[in-house]
Amino acid sequence: MSNRKWKFKKLLRKRYGREIWIVKRRDGTKGYLKIPFISNKNKYRLLVANEYIAAYLARKLGLPVSKLKEISVKGPGRIKKRGLLSIKAKAKEVIPWKKAQFHNSAQIERKVKKAELLAQLIAFDAWILNLDRTNHNLILHRNHPRRRYNWYLIDHGIALFGSPSKWKKRWSRKTYKKPRAYETTLHSKKARRSLTLRFPKGLKRYTLQHRSYTEAMVQKISSLSKREIDNAIKKVPKGYLKRAEKAFIRNMLLKRQKHIQQIMEEIFTKLQQQTVKKSKTRKNGPYLE
């Protein structure tokens with residue numbers, strides 16, 4: 001993928017310590033280029049590492065994910081900047097999950113291809129400690145209004161090693177030496193029995209209704225070899241992870257892999273309790289969960 005083929009088209013937004021550009025290739029392919037502010041270079045390398053590892057593991061487990069590539073592009077003032085490119089699907093309609101407005105589980109199964117994989121996302125996100133699965137980072141695409149949507153995942157920058165601004169590595173490393181370390185998230189100093197996961201609108205209920213699909217992902221995660229986990233870490237560009245950081249991520253993935261069945265049982269128990277509580281306080285209402 002030649003860097004010279006990509007050209008700056010538009011500044012999408014500038015916040016959270018980074019710029020996001022819309023860039024375009026000669027063949028019409030578009031992408032989103034995330035560029036860190038100079039003061040956030042150290043955080044950026046960790047976020048890039050999280051993205052590469054999560055993308056590799058997702059593909060190995062059969063989940064569609066956006067293609068990633070580090071490139072340099074000339075922007076305003078012909079100033080060249082380097083960032084992480086996420087390639088947008090080439091389709092007539094490309095939208096975030098939020099805009100689809102599915103009203104029930106039947107609509108999801110009828111309008112989305114490989115819908116069973118959507119119910120498997122919860123296990124993947126729990127394993128890699130991705131607490132930020134939202135309506136905006138699950139992307140749908142199709143070429144005709146009557147066709148079913150394909151989909152793919154984006155934005156895993158605060159999974160795995162976590163957001164550098166939200167936890168201290170020294171504390172986390174010590175915590176993961178404890179016997180029940182798999183209960184702890186990297187995003188908090190508090191140990192939890194289960195993670196507080198976010199869901200795209202409608203997927204919580206869909207997942208609860210199709211727990212057998214989730215069990216299939218639990219089995220796939222449990223069967224993944226140590227070699228594949230090592231290969232995922234090797235996908236990170238050279239110089240972006242220190243030796244101790246690589247070891248930390250590997251240890252976390254292996255510990256959570258070993259206990260993924262118990263982790264998911266605890267998460268499902270919590271989700272069912274939340275659903276019962278809400279059904280008692282609101283008998284009728286829109287399809288939100």
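At a glance:
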quantity	calculated
Residue match in the stretch 24-39 (condition: crowded, with 17+ Cβ neighbours inside 10 Å and not in a strand (DSSP E or B))	no
Hits in the stretch 116-130 - residues which are buried (at least 21 other Cβ atoms within 10 Å of the Cβ) and within 14 Å of N150 (Cα to Cα)	L118
Among (1) in contact with a helix residue (DSSP H, G or I) (Cβ under 6 Å, 6 or more places away or on another chain); (2) surrounded by 21 or more Cβ atoms within 10 Å (Cβ to Cβ); (3) outside the structural domain of I260 (by TED's automatic domain parsing) - the single one G83 does not satisfy	(1)
Residue count for the stretch 236-255, restricted to those that are basic (K, R) and either over 15 Å from I53 (Cα atoms) or surrounded by fewer than 16 Cβ atoms within 10 Å (Cβ to Cβ) (or both)	4
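The values are calculated or read from the model by the stated rules, or taken from the named source; none is laboratory data. Predicted, not measured: the structure shown is a model, and the values here were computed from it. Because the Cβ atoms are built from the backbone with ideal geometry, glycine has one as well, and the counts that use them run over all protein chains shown.
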